[in-house]
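K.L.:
Before we start, here is the structure in question, set down as structure tokens.
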Amino acid sequence: MNLRDVQREFKELPLACLDAPQLDARLQRDPDKLDELTRDIARRGIILPLAVARVGDRYEIVDGFTRYMCAGRAGLATAPCIIYPTKDAALEGVKYAANLFRLMMTPAEEAIFFHELLKKDCGDDFEKLCTIVGRSEAYVDSRLELLNGDPEVFEAVKADKIKLGVAHLVNTVRDESWRRYYLKHAIREGATVAVVTGWVGQHKALYETDREAPPTAPTASGPAIAAAHDPNRCYICGQNDPRFVPELVSIHTHCRLAVLDRLLQGEPATNS
């Protein structure tokens, strides 16, 4: 559909004739920004018209619901509107583009918006959804994947505690307890994608490998049992505490032997 071929009408409509959108892309609105916009509309009026779709003798707001709310709070009785003949025509990229570039939708808000748009307006047609929002399949899929992942990971992205790339990596961890473990530390430490890539890669190598360990050859004195290497065990306290993620520290062997090991054994460090 080419919007240049769609007949649209510009008209001042009473707020009482306008209905809230069936799908509101904003999860929440900053009260301070609402107050600021209300004051601006009270002083200068609505500068950017609302986009609405005709529904019988009423109109559904497709873009501009926040401006509509603030207009009511400012005491306005009418609002300038661009009237589309159908909701499909109005939805042709208008709502998504306006919300993304003017109100800066978060990945979590995009995830919910894409999902609702996919179910309610696209008939589960993924390609149609990508066309409407003007984004690549990979971009849209990454948002839908977030919504279908761990709920706590989604909430962390929604609250802007982690970035989308970190969320994607954490969601690849199969075990829920480990997934929540890495999520907690990613939030606490403000971990980057590079850092979490290391965590998850090491975890998968240790705990999610499907390869069988080679059999141990018996010796004359019986089978040799080597102590299991645990990269998450702290060298200082000797414990694997799930509350803390160990970090790599470079240290010379002679420094470890002369200083660290002696201190751990309760002996004074040497200067050699």
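K.L.:
Looking only at helices (runs of 4 or more DSSP H) that lie completely in the range 96-185, which have at least 3 residues being modelled with pLDDT of 90 or more?
P.N.:
Values: elements: 107-120, 126-133, 137-148, 151-158, 164-171.
The qualifying helices (runs of 4 or more DSSP H) are 137-148, 151-158, 164-171.
K.L.:
Follow-up. Scan the range 133-145 and give yes if some residue there is within 16 Å of the chain's Cα centre (by Cα), under 25 Å from ASP30 (Cβ atoms) and free of Cβ contacts under 8 Å to residues at least 40 places away in the same chain, otherwise no. Let's see the steps before the verdict.
P.N.:
First pass over the range 133-145, keeping only residues within 16 Å of the chain's Cα centre (by Cα): 138-145.
Those still in the list that are under 25 Å from ASP30 (Cβ atoms) too: 143.
Now narrow it down to the ones that are free of Cβ contacts under 8 Å to residues at least 40 places away in the same chain: 143.
Within the range 133-145, one or more residues are within 16 Å of the chain's Cα centre (by Cα), under 25 Å from ASP30 (Cβ atoms) and free of Cβ contacts under 8 Å to residues at least 40 places away in the same chain.
K.L.:
Show me the strands (runs of 3 or more DSSP E) entirely contained within the range 45-85 in which 3 or more residues are within 32 Å of the chain's Cα centre (by Cα). Break it down stepwise before answering.
P.N.:
Working: elements: 50-55, 58-63, 78-84.
Qualifying strands (runs of 3 or more DSSP E): 50-55, 58-63.
K.L.:
Filtering the range 86-95 down to residues that are over 24 Å from the mean Cα position of the chain (by Cα) and surrounded by fewer than 22 Cβ atoms within 10 Å (Cβ to Cβ), which residue is modelled with the lowest pLDDT?
P.N.:
Among those residues, the one meeting the criterion is GLU92.
K.L.:
Is it the case that the range 103-121 has a residue that's free of Cβ contacts under 8 Å to residues at least 24 places away in the same chain and not assigned by TED's automatic domain parsing to the domain that holds VAL196?
P.N.:
So in the range 103-121, the residues free of Cβ contacts under 8 Å to residues at least 24 places away in the same chain come out as 104, 119.
Subset that is not assigned by TED's automatic domain parsing to the domain that holds VAL196: 104, 119.
So far as the range 103-121 goes, yes, one or more of its residues are free of Cβ contacts under 8 Å to residues at least 24 places away in the same chain and not assigned by TED's automatic domain parsing to the domain that holds VAL196.
K.L.:
Would you mind stating whether ILE225 is modelled with pLDDT of 70 or more, of a type in the set (Val, Ile, Thr), loosely packed, with under 13 Cβ neighbours inside 10 Å and assigned to a loop (DSSP other than H, G, I, E, B)?
P.N.:
Working: modelled with pLDDT of 70 or more: no; of a type in the set (Val, Ile, Thr): yes; loosely packed, with under 13 Cβ neighbours inside 10 Å: yes; assigned to a loop (DSSP other than H, G, I, E, B): yes.
No: the conditions fail for ILE225.
The values are calculated or read from the model by the stated rules, or taken from the named source; none is laboratory data. Only a predicted model underlies this, so the values are computations on that prediction, with no experimental measurement involved. We place every Cβ from the backbone using ideal geometry, glycine too, and count neighbours over all the protein chains shown.
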